[in-house]
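Colleague: Below is the structure I would like to discuss, written out as structure tokens.
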Amino acid sequence: MTESTQALGNGTILVVGGGIGGLTTALEAAEVGYEVFIVEKNPYLGGRVAQLNQYFPKLCPPTCGLEINFKRIKNNPRIHFFTLAEVEKVSGSPGSYDVTVRLNPRYVNENCTCCDECAKACKMEITDEFNLGMSRQKGAYLPHEMSFPSRYVISPQIIGTEDAQRCKDVCKYDAVDLDMETKTMDLQVGAIVWSTGWVPYDAGRIDNLGFGRYPNIITNMMMERMAAPNGPTEGKVLRPSDDKAPESVAFVQCAGSRDENHLPYCSYICCMASLKQATYVRERYPDAKIYIFYIDLRAPGLKYEQFYQKIKEDKNVFFIKGKVAEVSEDPDSKGITVTAENAMTGEKIHQTVDMVVLATGMQPSAATAKLPADLTYNADGFIVNDFKKGGMFGAGCANRPADVMSSNQNATGMALKAIQTLVKR
Amino acid sequence: MDKKYGVYICTGCGIGESLDIPKLCDVPEEEGLTCKTHGQFCGKEGLEMLKQEIDGGVNTLMIAACSPRVNYDTFDFPGCIVDRVNIREQVVWSHPRDKFPALTEEEKEDEEKFDRVQMMAEDYLRMSMAKTERIILPEPYKLEEEMSKKILVIGGGVTGITAAMDAAKAGYEVTLVEKEEKLGGYAAKMRKQIPVDEPYEKPIEPIIGGLIDELNGLSNVTVKTGAVVARLAGQPGEFFVTFKKPGEKIEFDVPYPLPEEMTLDESGNELDAETLHQKFMEYNEGRKDILTIDPNAEKFGAVVLAAGWKPYKPKEGEFAHLGFGESPDVITNYQFEEMAAAGKITRPSDGKAAKSVVFVQSPGKEDDADFSYSGSTASLVALKHATYLREDYDDAKAYIFYQHMRTPGLSENFYKSVQQDTGIFLSKGRVSAVSKNGDGLTVEAEDTLLGEKIGVKADLVVLGTGMVPATKDDPVVNMAYRQGPGFRDIDLFNGYVDSNFICFPYETQRTGIYAAGTIRRNMTMGECMEDAAGAALKTIQSLESVNRGVSVHPRSGDMTFPDFFFQRCTQCKRCTQECPFGALDDDAKGTPKPNPTRCRRCGTCMGACPERIIGFADYSIDSIGSMVKAVKVPSEDDYTEPPFRVLGIVCENDAYPALDIVGLNKGAFSADVRLIPVRCLGSMNVIWIKDALSQGMDGVFLLGCKHGDDYQCHFVKGSELADIRVKKIGDALASLALEQERVAQFEVAIDDYDKLPKIINDFVESIEALGPNPFKGF
Amino acid sequence: MADRYMIEPDLNFIKELNGMGADTLKKCYQCATCSVACPISPDDRPFPRKEMIAASWGLKDKLIKSGDIWLCHNCGDCTTMCPRGAKPGDTLAALRTYAIMDYGKPRALAEAVNDPKKLPILLLIPAVIFVIVGLITGLLDFTPGGSEIVHSHFFSSWLVDLIMVPASIWTVVIFAIGIKGFMKDIHENAVAEGKTQKEKLEIGPFLKSIVNVIPKILKHSKFSECGENEERATSHMMVLFGFIGLFIVTSIFFVTMYGFGIHGPYSQLNPVKWLGNIAGVALVIGSALMIKNRFAKQPDQNTTYKDWSLIGLALALGLTGMLTEMSRLAGAAGLSYTIYFIHLMFVFALFVYLPYSKLAHLVYRTLAMAYADYSGRKF
């Protein structure tokens, strides 16, 4: 525990979004000596990376990085975080902002011991958003094993039902509080860092790639959940239509990215993600064949380039330069045939595989729902920072498409920008 | 402080149902300690009870309940030693009664019967009692002298200048040192640069000039040009820096460690400390030892290293097939930039206008890799260079042969806008040969998108070579550290200054020194400026941590620091050599000199020390050793068939949380193991293993993280060092007539909780197969 | 080095294409979506991806001499799906225009036909010819007598044919020259790019291929494979059959007049008349639909002068033809004669300018499709 000593400037920093970027900004600022608030809309911290199975190129679990950050939070009295919370209104100017935060009810208080009795008692099942709807869960649930805070949630969907009452009755620790209501809270802060992250681009909007039409076409985020030990299939990679082990998998790069009909920019992570996911399949199925259809393989940086070279040594992984523009399903086998022109040979390829993974890109959360503050966005919804003005900053993937490493890098810098705003005054 | 102990056993979360609580209370009570129980200590009542206890004078609490990973704030009592005994996740939840049945009433009467889970809980209580006896509340470490909050920035390029400004704007004194006479680095030597912000479309006029002006306008920044760091001695908060002119030889130039071979005598044995030091001084003729502080040195608190990059220098004949070195008209992208900055694009051979230029992005031998160290900037640079040519001549033709056009993220906009120029021609392709053709060149390319083998007539060929980090073959910082003046193990990162890829940006293996810009990885100027801000933040953070007397990341806020009992030191230097952060220097006699603010509190030194003279306030050989000894090892005297005892030493960062999850998922593992968390396996001292075995435990296993090139250890080498130590004790065991197999180390990641029970159970079975430890009962 | 294709980009060629409606071709980044999006592109050496890079590299010869640019029916599926907004459809259309001008000799006339500024002169030429020849031969009677309106009294059939027959011969000759070069080029190109195994181009089998593709063309089977705008097939079919119908009617008229001395106008009950009327109506409606579609497709598809002028001409021909007849039936002599005069001007334009206008695709696409069939290309 650090005992608080006076910081250089006075004032508090608000970080909106408790994903890896937001956590980084918050911790880096707090460890300098500033008071920091984190506002996270999910019932847990960790955001997008909490859903990932492994990081590229080290193939290590993101929960490892999250655990150490959570430990830093536990050891740092200057960090205050709110889950199930959303910023409603921001007024004021650099150095002094008034922020209204809405706190949605969790219906479970700090008495919760994660004993799981409420989940056992609850009969109703709801879709598991953490698993991108690939599985169902009880109306009273722990988002995932490593959830922080490790506290159950009761879904608003069961409030008012007998299930809710059952949960309350079964709890030995008086942790279920069905009378919780939405509250609003006002914060006075000197600087705000918007770390609102990204959402996977809606693959359903890419008509020619068949997502939603054919069960064996999934997205790269779904693949992450499948491969994760705490995912819907406990880490088994299976094709959705019949839970069969895939003998061949095709990865479709730039599914929506670098495409003016969808996302004109490059989403930065998809190439490396597909290379990584190729290893998920290969380590589970020694004979499985992988086909990666790309326009350009973007391995920016030596470590990434080396990772790509390593994958290429695998004789079962095939790379085809050509974008998949057509898919079809064999109604009997449920296999998928993808069509692309191999631009190197000038031949159209019709490759039939058991399963297709669409390397969908990232869209800034702000693109779909503008943030309640006076911010500048580019055409695609990324926050454009104005360092002259200061006060509010977009960080991580709210600012531009990025991998975890560069998000952390960016998030650390934004912590300083926020501090500068406080010091100026 | 004199400790007043209190033991508190929570009966909630199934603990009460699973364990015989009164019997559990006997353990402390036999030792004369008060033991209280409650159905929910984390609840209002329970907490109230604990508060009363503290008011009643208890200052050392052992709370046997849930894992310390939960309710961390609930059980935080300032001024008290609080030891969380994890009997929920790691005893009760991970040993459900359906798999580990409790004793029936009549079984309880039977002397021969025992309850494994109960035994486990009791042992954990004993271990906690032994431990709390031997730990004290840490006090923050304060430097003897007034610390310096001044920041030194090494490198006056775009990154260094931005870092200096960012630190200054946060209110800190900054000195920027640049080896050249002028500021700006390569950023000042370009015609145009890649855009740094929206809309990322066209090359822009260099921004460096504006940055320099802004820097000069800041009162709290001092700029030293034409100077380099001769040596940097001391530690964060009090770095003593000697500056010099480049190339100058001075007595405070940093000395280099002896090469391996010089440290041994004829028979290949390590020389003794004095001789070594003597040889070292001879080897560094005319240079002062690292411990001699330069009286004229300038004092700094922390350092931003922004030494930047050097253009890649192709080796003799390396790219002969591309005509490099054969024809003067084949140049690198850096040479092209120099030419463009100086004037129009011409042919070096005859100075004629170069109107047909081929840009080659990949060496084009067997694979599709770009030139090394080119990252994604080489693609952007080639696009930029193509626009130079087009602005010089209306009828110019620029060809770019790439394997993969790497313009990630928003820089795709740059690609999109540049490719639309009528005179710029792009294709994927492998350039196989460049040959003379009259006064020009012919470039041959295969596997292009044009369908056939093609040839292009060129006046000039430009190779998209990379940006090599300045630190690759030059220590730059010249640290007066016993481990040497440079960064250790950066060859793992191809010469980039890094210490834990992905998760710990900016951190180097040297505390208080943070890397920024192109010495970290290949970056554009926009990325560099952003990176500079981050590095400046980390630097400030380390200053404030020193100021508070606490550790920096990853043990942020830890107030403990290694304490040495020098009387028993044998000058074996292991601590100095093994410290991943070079925190220890040793003097002429080889006695270690701790530099507490360099330390990251991993305890590797403690694990390395054969004399066991290193420890922390709340973490020492003794505190852990006593826990080992506190484990009851039943023998034939107790039962005809005594249960086995296996010790597990687990890394608290990954393995320990994973074990908690095993409990949460009600997964089960052998109840005969006793687990002890350690800060890092690097802090594991083999004496614990020996103690365990000599007191009759049947086996010992270590759970640590993945090591090797992609190591996941937060302290660089912990699990690797432990692995080496474990291998070494093999013979020691043999001498005790014990099988080597009784000790093993396993690599586990934090998400291996589904595999852990099997790993543990398999090991226990293998021990059972070996039979009980013959030392039992002695 | 022998087997190597030496690249010689032609910057002006790229600029010219830009001017012909392919203003976005440089945006292409070779993802090859277009080749898959195209419903009629073959699996082996599909188009238009390779044409797109050749175009952005300014490789004129590769493109103008390629038969593939003619296989494209410009249905626009590629343009719709192109992730970069490069509009491959427009690029191929521009390439065809360029090729037509390239094969249409003399070049000067070809350029005039594709230059809006030259339109008035081009339309004036026939008028002048008619008047002069008419006056010289005295076959032009400005005071046609008789109770009923008979156009041949005003414009003697002799006069018309005196001009129209040489005009058609001219057209045939110009095409003959063009086709000679065209066939040689597309074959060489196909061999060079490995699109065919056939070493030589044998006339016999090739003519058989022409016979094979004609029904395909009439059925518009390729057209109807287009995903983007099937309705184009209908309008195109109406215009095509309109022309064919009128061609037949004209021929019959010609034969009966010189063979049996039967002069028009025919009675409305005459089946030949029916055919003429139906064909005329088809022509008018078809071209009107085309105009509507063109407007609907903007801005996704570029419509340039070459398109407007052709559709315009078709519409003009149809309208003036119909109006001539109607005004005749309505007994408005002066009006009818005037319109007939204008009609004749357009007919002349159609014949003489055909080899240089977009309508030349009638010949080149047919040959290209036949060649594809001949060279065994799965198309």
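Colleague: Scan the stretch A:314-337 residue by residue and report those that are out of contact with any Leu (no Cβ under 9 Å at 6 or more places or on another chain), within 14 Å of chain C (Cβ to nearest Cβ) and open to solvent by less than 20 Å² (accessible area, probe 1.4 Å).
Modeller: Once the filter is applied, which keeps residues that are out of contact with any Leu (no Cβ under 9 Å at 6 or more places or on another chain), within 14 Å of chain C (Cβ to nearest Cβ) and open to solvent by less than 20 Å² (accessible area, probe 1.4 Å), the stretch A:314-337 yields A:I320, A:G322, A:K323.
Colleague: Further question: Which residues, counting only those in the stretch C:259-274, are within 30 Å of the chain's Cα centre (by Cα) and exposed (fewer than 11 other Cβ atoms within 10 Å of the Cβ)?
Modeller: Answer for the stretch C:259-274, where residues must be within 30 Å of the chain's Cα centre (by Cα) and exposed (fewer than 11 other Cβ atoms within 10 Å of the Cβ): just C:P271.
Colleague: Considering only residues that are open to solvent by 10 Å² or more (accessible area, probe 1.4 Å) and either modelled with pLDDT under 95 or closer than 27 Å to A:S147 by Cβ (or both), which ones fall in the stretch B:46-65?
Modeller: Within the stretch B:46-65, B:L47 is the sole residue that qualifies.
Colleague: Only one of (1) out of contact with any helix residue (DSSP H, G or I) (no Cβ under 9 Å at 6 or more places or on another chain); (2) open to solvent by less than 50 Å² (accessible area, probe 1.4 Å) fails for B:K313. Which number is that?
Modeller: B:K313 satisfies every listed condition except (2).
Colleague: Which one is nearest to the chain's Cα centre (by Cα) among residues in the stretch A:18-70 that are more than 13 Å from chain B (Cβ to nearest Cβ) and in a helix (DSSP H, G or I)?
Modeller: A:R48
Colleague: I'm checking my understanding of the structure. Among residues of the stretch B:172-207 that are away from chain A (no Cβ under 14 Å), under 30 Å from B:A297 (Cβ atoms) and touching a strand residue (DSSP E or B) at 6+ places or on another chain (Cβ under 6 Å), which one is surrounded by the most Cβ atoms within 10 Å (Cβ to Cβ)?
Modeller: Per the criteria, the residue is B:L176.
Colleague: Could you pull out the residue among B:G234, B:G226, B:G210 that is of a type in the set (G, A, S), open to solvent by 20 Å² or more (accessible area, probe 1.4 Å), out of contact with any helix residue (DSSP H, G or I) (no Cβ under 6 Å at 6 or more places or on another chain) and modelled with pLDDT of 95 or more?
Modeller: B:G210
Colleague: Conditions first: (1) basic (K, R); (2) outside any helix (DSSP H, G or I); (3) modelled with pLDDT of 95 or more; (4) open to solvent by 10 Å² or more (accessible area, probe 1.4 Å). B:K629 passes all but one, so which condition is the exception?
Modeller: (2)
Colleague: Which residues, counting only those in the stretch B:362-374, are at positive phi and either among the polar types (S, T, N, Q) or open to solvent by 10 Å² or more (accessible area, probe 1.4 Å) (or both)?
Modeller: Residue satisfying the conditions is B:Y373 alone.
Colleague: Considering only residues that are in a helix (DSSP H, G or I) and among the polar types (S, T, N, Q), look in the stretch C:71-117 and name the one that is nearest to the other protein chains (Cβ to nearest Cβ).
Modeller: C:T80
Colleague: Can you tell me which residue among B:E412, B:E444 is at pLDDT 95 or above, open to solvent by less than 10 Å² (accessible area, probe 1.4 Å) and among the acidic types (D, E)?
Modeller: Within the list B:E412, B:E444, the selection yields B:E412.
Colleague: In the list B:T37, B:T74, which residue meets the criterion of being more than 19 Å from B:K131 (Cβ to Cβ), surrounded by fewer than 22 Cβ atoms within 10 Å (Cβ to Cβ), touching a Leu at 6+ places or on another chain (Cβ under 8 Å) and of a type outside the set (K, R)?
Modeller: B:T74
Colleague: I'd like the full set of residues that are within 24 Å of the chain's Cα centre (by Cα) and aliphatic (A, V, I, L, M), limited to the stretch B:589-620.
Modeller: Scanning the stretch B:589-620 gives B:M606, B:A608, B:I614, B:A617.
Colleague: May I pose another question? Take A:N261 and decide whether it is assigned to a helix (DSSP H, G or I), of a type outside the set (A, V, I, L, M, F, W, C), within 14 Å of chain C (Cβ to nearest Cβ) and touching a helix residue (DSSP H, G or I) at 6+ places or on another chain (Cβ under 9 Å).
Modeller: No: the conditions fail for A:N261.
Colleague: Related question: Hey, can you tell me all the residues within the stretch B:505-532 that are part of a loop (DSSP other than H, G, I, E, B) and open to solvent by 10 Å² or more (accessible area, probe 1.4 Å)?
Modeller: B:P505, B:R520, B:R521, B:N522, B:T524
Colleague: I would also like to ask the following. Mind counting the residues in the stretch C:60-70 that are more than 14 Å from chain A (Cβ to nearest Cβ) and open to solvent by 20 Å² or more (accessible area, probe 1.4 Å)?
Modeller: Residues that pass the stated criteria total 3.
Colleague: For the stretch A:103-133, which positions are more than 14 Å from chain B (Cβ to nearest Cβ), open to solvent by less than 20 Å² (accessible area, probe 1.4 Å) and polar (S, T, N, Q)?
Modeller: A:N131
Colleague: Name the pairs: first residue in the stretch B:749-767 and of a type in the set (S, T, N, Q), second residue crowded, with 22+ Cβ neighbours inside 10 Å and modelled with pLDDT of 95 or more, Cβ to Cβ under 6 Å, at least 6 apart or on different chains?
Modeller: Every condition considered, the pairs that remain are B:N761/B:F669; B:N761/B:S670.
Colleague: Determine the pairs where a residue that is closer than 13 Å to B:D394 by Cβ, located within the stretch B:344-360, has a partner that is of a type in the set (S, T, N, Q) and surrounded by 15 or more Cβ atoms within 10 Å (Cβ to Cβ) with Cβ atoms under 8 Å apart, the partner being 6 or more residues away or on another chain.
Modeller: Cβ pairs passing all conditions: B:A353/B:T346.
Colleague: May I pose another question? Identify, by number, the condition in (1) more than 14 Å from chain A (Cβ to nearest Cβ); (2) under 25 Å from A:S150 (Cβ atoms) that B:I750 doesn't meet.
Modeller: Unmet for B:I750, out of (1) more than 14 Å from chain A (Cβ to nearest Cβ); (2) under 25 Å from A:S150 (Cβ atoms): (1).
Colleague: Would you pick out the residues in the stretch A:76-89 that are open to solvent by 30 Å² or more (accessible area, probe 1.4 Å) and in a strand (DSSP E or B)?
Modeller: A:H80, A:F81, A:F82, A:E86, A:E88, A:K89
Colleague: Give the stretch C:296-311 a look and list any residue that's out of contact with any Ser or Thr (no Cβ under 8 Å at 6 or more places or on another chain), open to solvent by 20 Å² or more (accessible area, probe 1.4 Å) and assigned to a helix (DSSP H, G or I), or say none.
Modeller: Selection gives C:A296, C:Y305, C:W308.
Colleague: Answer with yes or no whether A:Y291 is among the aromatic types (F, W, Y), out of contact with any strand residue (DSSP E or B) (no Cβ under 8 Å at 6 or more places or on another chain) and away from every other protein chain (no Cβ under 12 Å).
Modeller: no
Colleague: Still on this structure, please answer the following. For the stretch B:33-127, which strands (runs of 3 or more DSSP E) that fit wholly inside it have 2 or more residues that are among the aliphatic types (A, V, I, L, M)?
Modeller: Passing ranges, in order: B:60-65, B:81-86.
Colleague: Related question: Test A:A398 against the criterion of being within 10 Å of chain B (Cβ to nearest Cβ), modelled with pLDDT of 95 or more and surrounded by 24 or more Cβ atoms within 10 Å (Cβ to Cβ), and give yes or no.
Modeller: In short, no.
Colleague: Among residues belonging to the stretch B:488-512 that are facing chain A (nearest Cβ under 10 Å) and at positive phi, point out the one that is modelled with the highest pLDDT.
Modeller: By that ranking, first place goes to B:Y506.
The values are calculated or read from the model by the stated rules, or taken from the named source; none is laboratory data. Keep in mind the model is a prediction, meaning the values are calculated, not measured. Cβ: placed from backbone, ideal geometry, glycine included. Neighbour counts: every protein chain shown. The accessibility values were calculated without ligands, DNA or RNA, using every heavy atom of the protein model including side chains. Shrake-Rupley method; radii C 1.70, N 1.55, O 1.52, S 1.80 Å.
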